[in-house]
């Protein structure tokens, strides 16, 4: 599963169900916090089981037309929990990225533009959630992972009663 895009990046990732959520953002934006929140949401049943792929730095690679994420070897199984420090937890050795969350995103908007809800990473187009600084990302991620094609928010603008749909296509939860 090696491709042209092998790189180590400053990000965190959690495998939720069968796809990973890749969490990007500047230092202190809450990447580790969101990663741990996704793991907890899986434990409480809000989401399918969540397992850490990597915290702080992960490796991205392309293969079979998909973006793969793996932990950086030195940090595998480690997560920072603010107030407790670095903790060890179970981790997945790899996962296919199904959603990108950009924290403190400059292009975050109440009704995001169609071009802002996808990320192109090494030529692979992936659904994206741009989250404004100071906004809790967990509800947005849970909504993206649990809404279906039949919900108004996942349809094109012409399908919503007010014709202002947010252009988000079916989530990774429905693939």
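The values are calculated or read from the model by the stated rules, or taken from the named source; none is laboratory data. Keep in mind the model is a prediction, meaning the values are calculated, not measured. Every residue, glycine as well, gets a Cβ built from its backbone with ideal geometry; the counts of neighbours run over all protein chains shown.
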(request) Pull up segment 119-140, narrow it to residues that are under 26 Å from residue 64 (Cα atoms) and without any contact (Cβ under 8 Å) to a residue 24 or more places away in the chain, then point me to the one that is surrounded by the most Cβ atoms within 10 Å (Cβ to Cβ). (result) 119
(message) Checking residue 28 against (1) under 24 Å from residue 144 (Cβ atoms); (2) touching a strand residue (DSSP E or B) at 6+ places or on another chain (Cβ under 8 Å); (3) part of a loop (DSSP other than H, G, I, E, B), only one condition comes out false. Which one?
(response) (2)
(message) Quick check on my filter: what residues within segment 61-92 are assigned to a loop (DSSP other than H, G, I, E, B), under 25 Å from residue 126 (Cα atoms) and in contact (Cβ under 8 Å) with a residue 40 or more places away in the chain?
(response) 64, 65, 72, 92
(message) Here is a check on your reading of the model: is residue 49 in contact with a helix residue (DSSP H, G or I) (Cβ under 9 Å, 6 or more places away or on another chain) and farther than 23 Å from residue 135 by Cα?
(response) yes
(request) Evaluate segment 149-172: report whether one residue or more is in contact with a helix residue (DSSP H, G or I) (Cβ under 9 Å, 6 or more places away or on another chain), within 24 Å of residue 64 (Cα to Cα), surrounded by fewer than 17 Cβ atoms within 10 Å (Cβ to Cβ) and at pLDDT below 95. (result) yes
(request) Can you tell me which residue among 105, 76, 109 is more than 17 Å from the chain's Cα centre (by Cα) and over 19 Å from residue 38 (Cα atoms)? (result) 109
(request) Provide a single number: the residues in segment 25-37 that are surrounded by fewer than 22 Cβ atoms within 10 Å (Cβ to Cβ) and farther than 18 Å from residue 90 by Cβ. (result) 6
